[in-house]
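Bear in mind that the values in this text are calculations on the coordinates, not laboratory data. Please read these numbers as outputs of a predicted model, since none were measured by experiment. Ideal geometry is used to build each Cβ from the backbone, glycine not excepted, and the neighbour counts take in all protein chains shown.
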Amino acid sequence: MKYLMIFLFVISFVGATALNYNCPSSVYLDEEFNCDVKVTDGAGLWDLKFEVLDGGKSIARIYDSSAEKYKSAFYYLKEYLRPDEETKFQVKITKEGSFNGKIKARRDGKIVVKEFEIWVEKKSSEKAAVEENLDKPKDDLDKKSDESKEKKEYVTIKKEVRSVQSDEEKREVGEIVLNSVVEEGANGTSELIYESKGARILSYSPYAFSIFLIVVIFFLIRNRW
């Protein structure tokens, strides 16, 4: 009887289920990370639970591949683990701080538990921006750089054109002012009347034509005598 008890104890120890896992010890807030888990048992599928609590409330979310979405890690993923086969799963933690957690495997009322510690921090905006740029394809970064250069050149050209236009406008206004005359109105007030260069030439045309006719008549009379 004594030897039978020892034999049963040895068999139960040798056949005991082991739960092995690999998870990061430090993660970023609300950012997905991966864990690997393996159950050493000869038969049956196991349910999986990733448990991180704060004040009795679950602050973790686990990706359910069957539903193709994240859900509260308060619930088990049913029949998720195959015996003696490493399985990967994705989780997120929704609160900053240092926490103690548990990974649980369950089958037929039997639960195997592994405890762990994890630190959760918020990613700085500078680091997030650097990682975002690293994740982008090189072509996208080159395109963004070219667009920025084109925009800069466009602004420069537009500014130069506006400057030239401004000089022309100043020159035109200057000509109008120089060719202006002052006339006295009916009520005795003085009015500044702007006259362009072309208009001034036209105003002198009758006088020039009259002088020309006088000269022509003079030569005709002289030749006749």
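Structure summary
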read-out: Mean Cβ count within 10 Å, highest first, over the residues of peptides 31-38, 66-73; value: 31-38, 66-73
read-out: Cβ-defined net charge surrounding Asp36, 10 Å radius [Lys, Arg +1; Asp, Glu -1]; value: +1
read-out: Dipole axis of region 39-80 (+1 Lys, Arg; -1 Asp, Glu on Cβ), positive-most option in Leu53, Val39, Tyr80; value: Leu53
read-out: Radius 15 Å from Cβ of Val113, net charge of other residues (Lys, Arg +1; Asp, Glu -1); value: +3
read-out: HN-Hα J in Hz across region 106-122 - Karplus 6.51, -1.76, 1.60, θ = phi - 60°, x for Gly and Pro; value: 10, 7, 6, x, 8, 10, 10, 10, 10, 9, 8, 10, 8, 10, 10, 9, 7
read-out: Dipole magnitude of region 2-127 about its Cα centre (Cβ charges: Lys, Arg +1; Asp, Glu -1), debye to nearest 20; value: 340 debye
read-out: Kirkwood-type radius of region 2-127, with distances r between different C-alpha atoms, in Å; value: 15.9 Å
read-out: Ranked by how many other beta carbons lie within 10 Å on average, peptides 204-212, 84-92, 107-115 from highest; value: 84-92, 107-115, 204-212
